[in-house]
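The values are calculated or read from the model by the stated rules, or taken from the named source; none is laboratory data. None of these values were measured; they are calculated from a predicted model. Every residue, glycine among them, receives a Cβ derived from its backbone with ideal geometry; neighbour counts consider all protein chains shown. Heads up: the accessible areas ignore ligands, DNA and RNA and are worked out on the full protein's heavy atoms, side chains in. Shrake-Rupley method; radii C 1.70, N 1.55, O 1.52, S 1.80 Å.
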Amino acid sequence: GAIQEAPCMAHIRCKFFDLMKAHNSPIATEAVHRIAALYLIEREIKGRSAEQRRAVRTARAKPLFDDMRRWLEEVLYQVVQKSETAAAIRYALSLWDALARYLDDGRIELDNLIAERALRSVAIGRRNYPFAGSDAGGRRAAILYSLIQTARMNSLDPEAYLRYVLARIGEHPIKRIEELLPWNVAGKLAPALRQVA
């Protein structure tokens with residue numbers, strides 16, 4: 001499918017957390033507590049299948065998530081419109097629909113901090129990556145970074161995973177290419193190769 005925006009609840013939380021600390025704002029404090037309740041659910045379902053995560057989110061997180069949106073819309077009209085609090089609320093609401101995608105898809109995380117941490121090495125070493133040379137080269141590099149990090153997130157040794165895929169991809173039907181994605185390969189590699197080096 002098409003690439004879709006996946007906003008980050010951690011960035012929203014950070015704005016409210018900073019207001020809570022700087023101004024002892026009751027609204028910001030309430031927002032931080034509401035967001036913490038969503039993260040608590042995520043902590044409980046970590047490691048479960050995507051379908052299990054979606055089911056728990058539908059039952060438990062969606063009511064909290066929807067209630068927080070209503071609350072943010074209400075309090076927006078109770079604060080000074082040019083205040084930092086109003087700006088934080090407007091920022092959160094501007095991302096709310098896109099953020100809600102995590103409720104219906106157990107593969108999506110509530111925040112993208114894992115991806116940001118994974119890409120930190122790319123950002124730090126970008127001067128060392130002139131080999132990309134073009135947009136196409138950059139796209140290929142992005143695909144490789146994604147595959148390597150996703151292999152790690154699925155407890156695979158990235159080199160063993162790439163060897164497995166490269167040994168099979170030439171003969172593999174393109175319509176079944178998803179079978180070669182890290183989470184589908186994890187059970188097929190020998191236990192020694194499933195450990196991240």
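List of remarks:
For every residue, the table says whether it meets (1) at pLDDT below 80; (2) open to solvent by less than 50 Å² (accessible area, probe 1.4 Å); (3) among the aliphatic types (A, V, I, L, M); (4) not in a helix (DSSP H, G or I).
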residue: W96; (1), (2), (3), (4): no, yes, no, no
residue: Y102; (1), (2), (3), (4): no, yes, no, no
residue: I114; (1), (2), (3), (4): yes, no, yes, no
residue: A151; (1), (2), (3), (4): no, yes, yes, no
residue: H172; (1), (2), (3), (4): no, yes, no, yes
residue: V185; (1), (2), (3), (4): no, yes, yes, no
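- One residue alone among R107, R69 is touching a residue at least 24 places away in the same chain (Cβ under 8 Å) and surrounded by 12 or more Cβ atoms within 10 Å (Cβ to Cβ), and that residue is R69.
- Inclusion of A28 among residues that are among the hydrophobic types (A, V, I, L, M, F, W, C) and surrounded by 17 or more Cβ atoms within 10 Å (Cβ to Cβ) is warranted.
- Test for D18: is it touching an Asp or Glu at 6+ places or on another chain (Cβ under 9 Å), assigned to a helix (DSSP H, G or I) and acidic (D, E): yes
- Residue check, R60 under 30 Å from N184 (Cα atoms), open to solvent by 30 Å² or more (accessible area, probe 1.4 Å) and modelled with pLDDT of 95 or more: yes
- R48 being charged (D, E, K, R), under 26 Å from S146 (Cα atoms), open to solvent by 80 Å² or more (accessible area, probe 1.4 Å) and at pLDDT below 95: yes
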